Amino acid sequence: MISNLFTTAVLIGILTSGIRLATPYLFASIGEMFGQRSGVFNLGVEGIMLMGAFAAFYFTFHYGNPWLGVLAAMIVGALMGLAMAVISVTMQAEQGISGIGLYLFGLGMSDLLFQKLIGSVETARGFRPLSFPILNNIPGIGPALFQITQQSILVYLAYALVPVAWYVLYRTTLGLKIRAAGENPAAADALGVSIARTRYATLTFGGIMSGVAGASLSIALLNVFQQNMTSGLGFIAVALVYFGGWRPYGVLFGALLFSMVNALQLWIQALNIPIPGDASELLIMMPYVLTIVVLVFSAGRTRKPSALGVPYERGT
């Protein structure tokens with residue numbers, strides 16, 4: 001029955017799941033936001049997430065240390081972000097095509113490595129939820145608050161990344177250089193800002209964050225790795241940057257919106273709420289349909305960085 005969705009236990013469950021499911025969106029979107037703020041968009045986020053997810057799972061599975069897995073995902077993400085920087089900044093290739101190529105590389109390579117090095121779906125002992133027993137003793141809201149806050153360390157790090165990103169972007173010299181590189185690279189260059197160095201740094205950072213986003217899937221949310229496990233999350237993360245207006249807190253709002261919609265459709269399935277045949281397939285597509293709707297309604301409502309997608313060459 002649809003009324004089962006409106007019980008306290010289910011609503012808390014949806015909220016808890018939504019908070020947790022926003023983790024990969026936040027890591028990937030914040031990293032991508034910095035790259036786009038400097039003038040480069042990277043459509044290879046999905047591929048980097050897949051490679052990061054595999055690297056994190058492989059090292060966690062074999063060595064039993066999820067932090068080692070996160071480190072491996074960060075290294076893989078940094079290398080792929082650096083590759084994107086070489087292609088799009090130094091070689092000045094078309095950014096959209098370059099990003100798709102990076103995605104296809106990550107998709108194929110993660111699948112190949114999975115088949116050769118693991119071979120079958122296995123589970124790994126990744127990050128476990130942090131427990132705050134004292135919260136359970138708060139009168140009235142204690143049990144609900146205790147359940148909501150039982151999240152892994154990567155969830156907390158993802159949400160902590162948002163105010164840190166805002167501070168760096170709007171309150172530091174580095175943030176000013178990044179924004180200048182994306183708005184008016186010629187003027188920034190004239191004032192001594194290295195456009196190439198700035199874009200290399202943001203793309204590498206974006207790659208690291210995408211790698212960690214993948215790790216959050218394979219060793220924190222699911223504790224497994226399988227082929228194409230991201231299922232479009234990387235492309236949604238890119239869309240969230242547009243939805244959020246290239247602002248950290250806008251990205252946070254978008255990530256929570258998408259994750260709550262995803263959590264809702266998962267709970268509807270878990271509760272076996274009867275849905276007509278065609279509507280059940282639409283239910284599974286809800287996050288992706290929402291992506292299209294958001295992009296349609298956000299088009300023209302926010303101003304993108306002026307130099308986004310435009311290669312910069314001194315003297316032109």
Q: Identify the residue in segment 158-172 that is in contact (Cβ under 8 Å) with a residue 24 or more places away in the chain and not small (G, A, S) and, among all such residues, is surrounded by the fewest Cβ atoms within 10 Å (Cβ to Cβ).
A: P163
Q) Do we find a residue being more than 16 Å from A213 (Cα to Cα), in contact (Cβ under 8 Å) with a residue 60 or more places away in the chain, outside any helix (DSSP H, G or I) and aliphatic (A, V, I, L, M) anywhere in segment 90-104? A) no
Q. Is there a residue in segment 27-48 that is surrounded by 24 or more Cβ atoms within 10 Å (Cβ to Cβ) and more than 30 Å from E183 (Cβ to Cβ)?
A. no
Q: Quick one: Y200 ticks every box in (1) surrounded by 20 or more Cβ atoms within 10 Å (Cβ to Cβ); (2) over 17 Å from the mean Cα position of the chain (by Cα); (3) part of a loop (DSSP other than H, G, I, E, B) except a single one, so which number is it?
A: (3)
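Each value in this text was obtained by applying a stated rule to the coordinates, not by laboratory testing. As the structure is a computational prediction, the values presented were derived from the model and not from experiment. Cβ: placed from backbone, ideal geometry, glycine included. Neighbour counts: every protein chain shown.
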